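See below for the structure under consideration.
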Amino acid sequence: MAFILDEIIERKEKEAMLEKLDMLMSTFFSEVGNELISQLSSVNKYKANTENLKSIKDWDEKDFDNKLLELKNSSIDFTADITTDEREEFLENLKTLLVDKREFIINLINNPNILEKEEFTGLINAILHLDEELEHRADLALVNDADFGHLNGDMQRVYDKLVYEWVYYLKYLYKNYPYMIALIIRTNPFDDTADVYVKN
């Protein structure tokens, strides 16, 4: 009996901890994730790969599960489709975002519970690496084609993990906080026609 009680308590504690992690993800997307998706998706050459995310407002739980399985089994293609003249401004905006949110992101890593969610930990590590790469480039005007190709690989790693976690986060909201998902849908970074204002 004692063994069964211990097992029940342990399961309840793990469920409570995972719930806290999901709430932490909500903070992450509010603080940095949504803006990071917007900046990267706006320049992605392969927008067709995320075309079906426009219709996420009509998804049910099965649709979320199918998309998560698809994303887990294949990477999202990403190439920043910008001209050489646009490169410095784009990288500067990205660098500014990551520098401004660095303390917040580091605090996430310092949360011991985050280790329970391997995919999210991988995303945070990928963001910190991209931040470090940009931080070491004091003059982004000096980034040439080869160097930008290297940075593109770092951005692709972040983008791939970010899209997965975004879909996971929306599934969490769909199941637990349907009133919160409405704002995310109205500001969907994958939908060019998305509008934060409620029309009807």
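Does anyone have the angle between helix 84-100 and the longest principal axis of the chain? Alpha-carbon axes, 0 to 90°, nearest 10?
Taking Cα atoms only, the helix is inclined about 40 degrees.
Tilt of helix 61-73 relative to the longest C-alpha principal axis of the chain, in degrees (0 to 90, nearest 10)?
60
Just reorder 99, 143 by solvent-accessible area, largest first, 1.4 Å probe, all chains present.
Listed by decreasing accessible area, they come as 99, 143.
Using alpha carbons only, how many degrees (0 to 90, rounded to 10) separate the axis of helix 2-28 from the longest principal axis of the chain?
30
Bin width 10 Å, alpha-carbon pairs only: give the P(r) of the stretch 114-200 as whole percents, running from 0 to the bin holding the largest distance.
Spelled out bin by bin, the stretch 114-200 gives 15, 32, 30, 19, 5 percent.
Identify which of 65, 100, 85 has the largest mean-square fluctuation in a Gaussian network model of the chain, with springs joining Cα atoms closer than 10 Å.
Largest GNM mean-square fluctuation: 85.
Counting only residues 5 or more places away or on other chains, whose amide H sits under 5 Å from the amide H of residue 44 once H atoms are built in the peptide plane?
HN-HN under 5 Å from residue 44: 81.
Dividing the Cα convex hull volume of the stretch 78-122 by residue count, how many Å³ per residue is that?
67
In angstroms, what radius of gyration and Dmax does the chain have, counting Cα atoms only?
18.5, 70
Just to confirm, what accessible area per residue do you get for the chain at 1.4 Å probe, in whole Å²?
58
The values are calculated or read from the model by the stated rules, or taken from the named source; none is laboratory data. This is a predicted model, so every value here is computed, not measured. When the accessible area is computed, the model is the full protein with side chains, heavy atoms only, and any ligands, DNA or RNA have been set aside. Shrake-Rupley method; radii C 1.70, N 1.55, O 1.52, S 1.80 Å.
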